[in-house]
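Nothing in this text is a laboratory measurement; each read-out follows from the coordinates by a stated rule. All of these numbers come straight from a predicted model, not from anything done at the bench. Here the Cβ positions follow ideal geometry from the backbone for every residue, glycine too, while neighbour counts run over all protein chains shown.
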Amino acid sequence: MVFQKFSSINISLLSIVLFFCLLQYPSALQVPGLRSITNLSYENPEIQSLREEVKENLMQSARGKTINLVFRKYVLKKKDTFFTVMAKTMLDHDSLSSINHLASLWDVEPGAVWLIPNMRGVAVYGSPDELCIKYKTSVDSIFPVPGSRQLFFITGRSLEPSERSYLNGTVFLKPVKGFISSKFGARMDPFSKKEQFHKGVDIACPTGSEIVASASGKIIFEGEMADYGKLIIIEHSNGYRTLYGHLQSFAARINQSVKKGDKIALSGETGHVTGPHLHFEVRRKGQPQRPRMLDGLHRGQ
Ligand SMILES: [Zn+2]
């Protein structure tokens with residue numbers, strides 16, 4: 001009896017521990033043998049050896065020698081920024097952002113698990129054969145990324161400039177003049193009073209305000225869509241789309257190519273709203289992103 005009682009307590013303890021472990025480490029990073037960096041202090045021996053390895057690998061790569069690529073993982077802390085992690089690990093912008101699928105350099109959440117390679121490069125999807133041709137490199141420089149079947153890390157290569165400008169937050173402009181009345185992320189729904197995820201930002205603006213294309217692209221949807229009311233969707237390069245909801249009227253046609261700053265619509269309050277505003281959303285490969293917008297550059301401001 002005593003033994004049974006103990007084992008049931010142990011099992012419940014184990015499941016609680018497992019639950020927290022799973023919360024902290026997404027399944028993609030349940031990779032056996034992956035070393036963990038506990039903190040980014042220069043005194044930490046893991047950081048010291050990582051920095052030595054990065055230096056060594058950069059030298060070896062410059063001499064055309066094969067390198068020994070090792071991945072570690074790091075759980076982001078509250079005060080970490082993209083730039084502190086980059087500086088402490090001696091990696092560069094492209095290595096860290098591509099391997100960790102960042103939507104922008106501000107896509108940094110405490111508790112997220114990042115992969116830290118010991119060499120600079122770029123993580124891309126594809127097959128090794130295709131990637132050899134595209135990146136003009138040999139298979140010796142292409143390494144599978146732990147926890148992913150189709151993602152490969154190509155050492156000594158970098159992102160294409162257009163992809164880098166999306167990550168740097170310099171692509172999108174604020175599509176209308178006005179203040180942000182509701183931010184991206186978890187919020188109280190004004191109707192149901194329950195917490196829900198807001199997939200974009202709301203920009204307060206009087207009905208009839210000029211809405212401009214946030215970046216150059218092609219209009220792929222123009223019409224009514226449920227809560228969005230009158231909606232325009234623009235497709236951009238690199239798998240990005242922007243959505244403009246609650247419009248009063250359209251000022252551009254479906255399939256029309258638009259330039260950043262071109263007038264596309266007038267704002268309104270159609271759909272599920274409590275007052276006039278623009279709902280603006282940025283998606284990358286279907287996933288809503290936290291919009292980073294350059295302010296004050298659109299026409300009329
Ligand atoms: Zn909204």
- Query: Given the pairs Lys77/Lys193; Lys259/Lys285; Lys177/Lys199; Lys77/Lys183; Lys177/Lys218, which span a C-alpha to C-alpha distance of over 26 angstrom in this model?
  - Reply: Lys77/Lys193
- Message: Could you list Asp189, Asp202 so that the one with the fewest beta carbons within 10 Å of its beta carbon is first and the one with the most is last?
- Response: Asp189, Asp202
- So for segment 217-301, using the alpha carbon gyration tensor with a ≥ b ≥ c as root eigenvalues (a/c under 1.5 gives rounded; past that, a/b versus b/c decides prolate or oblate), I'd call it rounded
- Roughly speaking, what is the stretch gain from Leu294 to Phe197, that is 0.36 nm per residue apart minus the C-alpha to C-alpha distance, in nm to one decimal? 32.6 nm
- Task: Grab the DSSP H runs of the chain that are 4 residues or longer, score each as -39,500 (n - 2.57), total them, divide by all residues and round the 222 nm result to the nearest 500 deg cm²/dmol.
- Result: -7000 deg cm²/dmol
- What relative contact order, as a whole-number percentage, does the chain give when Cα pairs under 8 Å and 6 or more residues apart are counted? 14 percent
- Query: Using the 10 angstrom Cβ neighbour count as an exposure proxy, how do Arg253, Arg35 rank, fewest first?
  - Reply: Arg253, Arg35
- Message: Show me, for segment 273-285, the HN-Hα J-couplings you get by feeding each phi into the Karplus relation (A = 6.51, B = -1.76, C = 1.60, θ = phi - 60°), rounded to Hz, glycine and proline as x.
- Response: 9, 10, x, x, 6, 9, 8, 10, 10, 10, 10, 10, 6
- Note on the structure: With a ≥ b ≥ c from the Cα gyration tensor eigenvalues, square-rooted, and the rule rounded for a/c under 1.5, otherwise prolate when a/b > b/c and oblate otherwise, the chain is oblate
- Rounded, prolate or oblate: pick one for segment 180-248, where a ≥ b ≥ c are the square roots of the eigenvalues of its C-alpha gyration tensor, a/c under 1.5 means rounded, and failing that, prolate if a/b is larger than b/c, else oblate. prolate
- Message: What is the angle, in °, between the Cα long axis of helix 2-24 and the longest principal axis of the Cα atoms in the chain? Nearest 10 is fine, range 0 to 90.
- Response: 60 degrees
- If Ile220, Ile203, Ile211 are placed from fewest to most neighbouring beta carbons inside 10 Å, the sequence is Ile220, Ile203, Ile211
- Query: Relative to the longest principal Cα axis of the chain, at what angle does helix 45-62 sit, 0 to 90 degrees, rounded to 10?
  - Reply: 80 degrees
